[in-house]
1. Determine which member of the set I323, I292 is modelled with pLDDT of 95 or more, open to solvent by less than 10 Å² (accessible area, probe 1.4 Å) and closer than 22 Å to L466 by Cα.
2. Exactly one of (1) buried (at least 21 other Cβ atoms within 10 Å of the Cβ); (2) within 23 Å of the chain's Cα centre (by Cα) is unmet by L471. Its number?
3. Which of the residues that make up segment 216-253 are within 24 Å of V537 (Cβ to Cβ) and polar (S, T, N, Q)?
4. Among the residues of segment 410-435, write down those that are open to solvent by 20 Å² or more (accessible area, probe 1.4 Å), outside any helix (DSSP H, G or I) and touching a helix residue (DSSP H, G or I) at 6+ places or on another chain (Cβ under 6 Å).
5. Quick one: P442 ticks every box in (1) in contact with a Phe, Trp or Tyr (Cβ under 9 Å, 6 or more places away or on another chain); (2) open to solvent by less than 40 Å² (accessible area, probe 1.4 Å); (3) at pLDDT 95 or above except a single one, so which number is it?
6. Mind checking which residues of segment 119-137 are assigned to a helix (DSSP H, G or I) and open to solvent by 80 Å² or more (accessible area, probe 1.4 Å)?
Amino acid sequence: MSKTRDSDKTDDAGSSAIEQYLVQDPERFALNLARMIEQAGKAASAWTEPRAKGQTRDHVAEPMADMVKTFSKLTEYWLSDPQRALEAQTRLYSGYMSIWANAIQRFGSNEMPVEDAVKPERGDKRFEDPEWGRNAFFDFLKQTYLVTSRWASDLVEHAEGLDEHTRHKASFYVKQVAAAISPSNFVLTNPELFRETMASNGENLVRGMKMLAEDIAAGKGDLKLRQADAASFEVGKNIAVTPGKVVGRSDVAEIIQYAPATETVLKRPLLICPPWINKFYILDLNPEKSFIRWATEQGHTVFVISWINPDERHGAKSWEAYIREGLQYGLDMVEKATGEREVNAIGYCVGGTLLSAALALLAQEGDNRIRSATLFTTQVDFTYAGDLKVFVDEDQVSALEQAMNENGYLEGTKMATAFNMLRSGDLIWPYVVNNYMRGKEPLPFDLLYWNADSTRMTAANHSFYLRNCYLENNLSAGRMELAGRTVSLADVTIPIYNLAAREDHIAPARSVFLGCRNFGGEVDFVLAGSGHIAGVVNPPAKKKYQYWTGGKPEGAFEDWIASATENPGSWWPHWQRWVEAKDSTRVPARTPCDKAKSLGDAPGTYVKVRV
């Protein structure tokens, strides 16, 4: 009797396991498939209509052509020697045979668990559902995918004779293709998606196609991947809300002065130069995370440059224009508002690169108003600039320049996509699955709302940046030409606080460290935990991460880390002590001009322009 009952239980469990992958209501499922096809038609229309009207054109062919060219060089190496090609094929075949052997052993054994031939890397969330290991079909898909993707990565790693740039591109493209073809990205090969689709009779796919059509329409013919619930945020209402006034406005920048939070303030005002490839309010997301608010609470008179979101009118605005009409204009507004000529300055990411180049230019011109500079995740030497260098070679830059010259700018979504591709496993495919397969709205997350609030780049500015920094590395080499001068970072002799982030994919810590040696004065190098954003936006109250301090930024980066001191929590108080050590003089708090004399309340108008 007990055997019969155990058998019945096994049969019931097996039936239950099968039933979760069967259509529950065929009529309703068929209706939803029809609705999904209708929404897919709307998505196709949103994609084709702007192209038919000439409002947009495809640039997909350019990166695809580069990828094919790169893979052709890789293939040429492996196929040029029959023995080498046979060995590569044998390795792949051996991996598949191990999977087959495991699958056969698993079917023949109900007692001992069978070890997988290959396992996902630690932290890989794609295969967390138990069915990836419990169900033979999905387990086979998972292992076959992992074996194939790792084999492809090994082909790049072991290909001899490739130049370093080609190898870098091949490795990057292999990762992108591998991430895209993962079985976790498709309904029929992802057990979790399959179950949800059957359980809802396909309603998830209807919602997903509807969202896809909306996102292509929002991108004006290109997919604008939603990463956060945009309806939950409004700049100036519940994000970027630190009180202040717009005290100046040029063609490329608004200058914002923030209200004081203390009775006395440091005599030297603080001018922040954020990147123009994103909006400045990453430093003012909300009161708990805001570096700007925190700085006012420490006694800084804070000014911020809010860059224009450019259009056709700004195509000729160059790096020099951003220095003259942004950074120097900001210094003028600081002096006008406070009467002070000595200023502390901060530059973030490419804003820090601009600040560094400007300091070199201003040193030659005799403008010494900036008395200390802080650089957040800033590269001035681009030797080790990371995966973004994949997109920068003469062919790609020339094609991009030709595209930008059509309208005078690079569309913001293009740069946003490039940044997302650096971490496609975190910033692209999970949202593709969640949004368009599951049909679920993303959660309200202020950081990802900011990430999606993209900005355009002027043609002249972006071309100058790509060529002089990524392509030719002119700034660190002392070859960059600005305002008819050849500028050198060796002329920058003011003290510099240079912050890198250990897990930064955009400005790798090693790259930031290497750049320290180009400045002519004292540089304090500090390494924050986490990445490009979380490593910077890390308020002390959160008590998260850590930072490392050590000796002079000399020698090998790895040696500096080995001897550095690890400190718990945020680096913000450490920076504050550094600033006050340069000049701790205090004066009565300065209030921004009243409404009648200002150009409006913070965060201003430029930051609210969306693309």
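The values are calculated or read from the model by the stated rules, or taken from the named source; none is laboratory data. Remember, it's a predicted structure, so these values are computed and weren't measured experimentally. FYI the Cβ positions are ideal-geometry reconstructions off the backbone, even for glycines, and counts take in every protein chain you see. Surface areas here come from the heavy atoms of the whole protein model, side chains and all, with no ligands, DNA or RNA. Shrake-Rupley method; radii C 1.70, N 1.55, O 1.52, S 1.80 Å.
1. Of the residues listed, the single one that is modelled with pLDDT of 95 or more, open to solvent by less than 10 Å² (accessible area, probe 1.4 Å) and closer than 22 Å to L466 by Cα is I323.
2. (1)
3. Scanning segment 216-253 gives Q227, S232, N238, T242.
4. Once the filter is applied, which keeps residues that are open to solvent by 20 Å² or more (accessible area, probe 1.4 Å), outside any helix (DSSP H, G or I) and touching a helix residue (DSSP H, G or I) at 6+ places or on another chain (Cβ under 6 Å), segment 410-435 yields only I428.
5. The one condition P442 does not meet is (3).
6. Of segment 119-137, the ones assigned to a helix (DSSP H, G or I) are 125-127, 131-134, 136-137.
Hits for segment 119-137 are K125, R126, R134, F137.
Yes/no per residue for (1) at pLDDT 95 or above; (2) in contact with a helix residue (DSSP H, G or I) (Cβ under 6 Å, 6 or more places away or on another chain); (3) β-branched (V, I, T):
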| site | (1), (2), (3) |
| --- | --- |
| F519 | yes, yes, no |
| R577 | yes, no, no |
| K582 | yes, no, no |
| K597 | no, no, no |
| D601 | yes, no, no |
| T605 | yes, no, yes |
| K608 | yes, no, no |
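Condition check ((1) over 13 Å from S98 (Cα atoms); (2) among the β-branched types (V, I, T)) across all residues:
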site: V118; (1), (2): no, yes
site: D124; (1), (2): yes, no
site: W132; (1), (2): yes, no
site: F140; (1), (2): no, no
site: V147; (1), (2): no, yes
site: S153; (1), (2): yes, no
